[in-house]
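Have a look at the structure below before the remarks.
Values in this text are rule-based calculations from the coordinates and carry no lab data. Note that the structure is a prediction, hence the values are computed from the model and not measured. Using ideal geometry, Cβ is built from the backbone for each residue, glycine included, and neighbour counts are taken over all protein chains shown.
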Amino acid sequence: MLVSATEMLQKAKAGHYAVGQFNINNLEWTKAILTAAQECNSPVILGVSEGAGKYMGGYKTIVGMVNGMIEELGITVPVATHLDHGSYDACLKCVEAGFSSIMFDGSHYPIEENIAKTTELVKIAHDNNMSIEAEVGAIGGEEDGVIGKGECADPDECKMIADLGIDFLAAGIGNIHGVYPDNWEGLSFETLDAIQQKTGDMPLVLHGGTGIPDDMIKKAITLGVAKINVNTECQIVFTEATRKYFEEGKDKVGKGFDPRKVLKPGYEAIIEKVKEKMELFGSVGKA
Ligand code: 13P
């Protein structure tokens, strides 16, 4: 069932668990994540970055694929199609294409501009029964081979953005996208606690879920995190399983060259990884 992410995240925040956002890259990814969610009876958010949107043939293609799978695979758990780190224009495109949720990432703008653009998009999203996530405090990651340190958001700025009527808030707390460097200092729980004290019931979003130790994930959930984004980890297990297939020479046996066979180990690896995360986040059985 395609829904906005508002209700599932309000329930998660109240129930002290988190819903996973798993980014999709293609049909196999989408089918694996939906299958895992259904088997776990868990709500799920399918994240689509602008790059992945282009790669998959545009937002309308994705909406068609996800809606088709929900119907034909009999997916009854709540599913949201969510634009990840969208620009203003990409948000408008996803509204038009029929996504159920958007993230406007205005974290690189001065706070006044982030507020102005977020305000406009809140109205547009809600007029279309969609949920909207906004971001304060840029979340670092690898750019041109340099791994940036995750920023910590200013709790007062978080409160300003939260008060604009958004449905959930991403705030930097030392987290970064991709694999964490060995000298990473960990999440700033002090910042997270200050943010949740200012923003009350607002579900908070933890980006860069890959590689955050389980105990830190659990602690973040106790401090108001209700949505956790995972992307790189699924990519890693998919690629490892696919590499193993070739290394074992399976593509040379019988019709092992059939793409449906080639992609199967990676597909199954994503299902297992997503299930493991749903257990960790506490969303199993919460559909
Ligand atoms: P990772 O790739 O580090 O898991 O981050 C995913 C993410 O935050 C998407 O917005």
Relative to the longest principal axis of the C-alpha atoms of the chain, give the angle of the C-alpha long axis of helix 111-127, reported between 0 and 90° and rounded to the nearest 10°.
60
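Determine, for each peptide in 254-262, 268-276, 98-106, the mean count of other beta carbons within 10 angstrom over its residues, then list the peptides with the highest first.
Per-residue mean Cβ counts within 10 Å order the peptides as 98-106, 268-276, 254-262.
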Along the charge dipole of the chain, Cβ charges K/R +1 and D/E -1, which of Met1, Ser131, Val48 sits furthest on the positive end?
Met1
Going by amide H atoms built from the backbone, whose H comes under 5 Å of the H on Ile228, apart from near neighbours?
Val19, Gly20, Gln21, Leu206
Explain nothing, just the number: relative contact order of the chain, from Cα pairs under 8 Å at least 6 residues apart, as a whole percent.
23
Mind checking the angle between helix 6-15 and the chain's longest principal axis? C-alpha axes, 0 to 90 degrees, to the nearest 10.
80
By how many nm would the segment from Tyr109 to Phe189 grow when fully extended, if each residue of separation counts as 0.36 nm and the alpha-carbon distance is taken off?
26.3 nm
Shape verdict for region 1-79, please, from the Cα gyration tensor: rounded (a/c under 1.5), prolate (a/b greater than b/c) or oblate.
prolate
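For the chain, what is the charge dipole size about the Cα centre, in debye to the nearest 20, if Lys and Arg each add +1 at the Cβ and Asp and Glu each add -1 at the Cβ? List each step's numbers first, then the result.
On the way: 26 positive and 42 negative charges, 232 e Å.
It comes to approximately 1120 debye.
Report the charge-dipole magnitude of region 190-246 in Debye, nearest 20, computed about the Cα centre from +1 at each Lys and Arg Cβ and -1 at each Asp and Glu Cβ.
Numbers: 6 positive and 7 negative charges, 39 e Å.
Roughly 180 debye for region 190-246.
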Add -39500 (n - 2.57) for each DSSP H run of 4 or more in the chain, then divide by its residues: what number comes out at 222 nm, to the nearest 500 deg cm²/dmol?
-14500 deg cm²/dmol
Out of Cys234, Gly256, Val19 - ranked by how far each Cα lies towards the positive end of the dipole of the chain, with unit charges on the beta-carbon of charged residues - the top one is Gly256
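For the chain, report the translational diffusion coefficient in µm²/s to the nearest whole number, using Stokes-Einstein at 25 °C, 0.890 mPa s, and a Kirkwood Rh over Cα pairs.
Working: Rh = 19.1 Å.
Result for D is 129 µm²/s.
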